[in-house]
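Notes to accompany the following structure.
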Amino acid sequence: MAAIIDGKEIAMQIKDELKQTAAKKKAEGVEVSLAVIQVGNDPASSVYVRNKKKGCEYVGIRSLSYELPEETTQEELLSLIRELNGRKDVNGILVQLPLPSHIHEDTVIQTIDPKKDVDGFHPQSVGALCIGEKGFVSCTPAGIIQLLKRSGIEIEGKECVVLGRSNIVGKPMALLLLRENATVTIAHSRTKNLKEVTGRADILIVAVGKPKMITKEYVKEGAVVIDVGINRDESNKLCGDVDFEDVAPVCSAITPVPGGVGPMTIAMLLNNCMESVSLQS
């Protein structure tokens with residue numbers, strides 16, 4: 001049976017390290033602060049925002065909360081972002097996605113100062129990752145690298161398959177694995193012979209948004225499987241993109257859902273906030 005990679009425990013290690021860093025900075029007279037903007041009251045977004053605020057409180061990061069009504073115009077939101085860009089007492093700016101349909105997400109992301117882009121979504125942050133320069137890295141892929149490293153899983157020289165090509169997970173994930181000297185394949189909905197491709201992976205990272213799509217037929221014996229998906233199954237229970245019960249007996253290590261990748265995303269957001277101070281100095 002596979003080893004379970006405990007994202008809650010590893011995220012807590014990171015948060016405890018950040019707590020010490022925040023206390024040191026405070027002693028030097030530096031208070032790290034994050035502005036969190038939510039437009040509308042999408043229930044899932046509200047849960048994420050609440051967890052982010054809780055994380056800030058635990059670590060010792062000040063969080064400023066902007067809960068805007070659904071009918072907020074794009075220009076009003078951009079105006080708030082520009083104001084926060086200019087504030088010396090704000091280190092990170094996070095706009096919770098998805099946004100209402102009348103607001104253009106790309107325009108909003110591009111308005112955030114890249115030095116305050118703690119989500120790592122700004123084109124400048126993505127470009128820096130591509131060419132190996134300093135900048136913020138998208139939190140979920142950064143969290144997955146930490147999960148692997150802190151679980152003692154070697155990345156260098158391994159064959160890695162990333163299933164999914166989104167801007168938020170798939171593409172930055174592939175770049176981070178390359179940075180760690182892995183051999184990387186990106187597979188997606190149009191990939192031919194998908195089982196053959198995923199079946200080569202020493203490390204398989206799944207981010208497709210389809211409940212329990214990946215069964216043991218897709219997985220090489222002894223592979224490490226990281227499940228980024230968060231879905232509801234037919235009985236409304238949380239599940240991933242990987243059929244955990246089916247895959248766990250054949251792989252060497254696997255992340256559960258919930259309690260795997262999810263907690264790491266918030267831990268890495270807090271880590272990005274902490275790093276924002278040095279980027280801005």
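Please treat every number below as a calculation from the coordinates, not as lab data. Because the structure is predicted, anything quoted here is derived from the model rather than measured. Cβ placement follows ideal geometry from the backbone for every residue including glycine, while neighbour counts extend to all protein chains displayed.
Projecting the Cα atoms of ASN272, GLY240, SER101 onto the dipole axis of the chain, where Lys and Arg carry +1 and Asp and Glu carry -1 at the beta carbon, places ASN272 farthest toward the positive end. If both residues of a DSSP beta bridge must be in the chain, then about 5% of such bridges are antiparallel. Candidate cross-link partners of LYS53 among the lysines, defined by an alpha-carbon separation under 21 Å and a same-chain spacing of 8 or more, comprise LYS8, LYS15, LYS19, LYS24, LYS25, LYS26, LYS88, LYS115, LYS116. Annotation: amide H-H contacts under 5 Å for SER63 (H modelled 1.01 Å from N, sequence separation of 5 or more, or interchain): LEU34. The slack in the chain from HIS188 to SER101, taken as 0.36 nm per residue of separation less the alpha-carbon distance, amounts to 28.7 nm. Pairs of Lys residues in the stretch 163-281, spaced 8 or more positions apart or belonging to different chains, with C-alpha separations under 24 angstrom: 18 in total. Bridges between two residues of the stretch 144-281, per DSSP, are antiparallel at a rate of about 10%.
The stretch between ARG87 and LEU238, if pulled fully straight at 0.36 nm per residue, gains 50.4 nm over its current Cα-Cα span.
Computed from backbone phi, the HN-Hα couplings of the stretch 230-245 come to 9, 9, 10, 7, 4, 9, 6, 8, 5, 8, x, 7, 9, 7, 3, 4 Hz, rounded to whole numbers (Karplus: 6.51 cos²θ - 1.76 cosθ + 1.60, θ = phi - 60°; Gly and Pro given as x). If you take the Cα centroid of the stretch 156-203 and the Cα centroid of the stretch 29-89, the two points sit 33 Å apart. Here the stretch 141-211 is assigned +1 on the Cβ of each Lys and Arg and -1 on the Cβ of each Asp and Glu. Its dipole about the Cα centre then comes out at about 320 debye. When the stretch 12-89 is described by a simple charge dipole with +1 on each Lys and Arg Cβ and -1 on each Asp and Glu Cβ, the residue from ALA27, THR72, CYS56 located farthest towards its positive end is ALA27. In the chain, which whole DSSP H runs stretch at least 20 Å along their own axis (Cα) and average -1.0 or higher on the Kyte-Doolittle scale? Sorted by number, the helices that extend far enough and score high enough are 7-27, 43-59, 261-280. Across the chain, the relative contact order, built from alpha-carbon pairs under 8 Å that are at least six residues apart, equals 22 percent. Fully extending the segment from ASN41 to GLU17, taken as 0.36 nm per residue of separation minus the present Cα-Cα distance, adds 5.4 nm.
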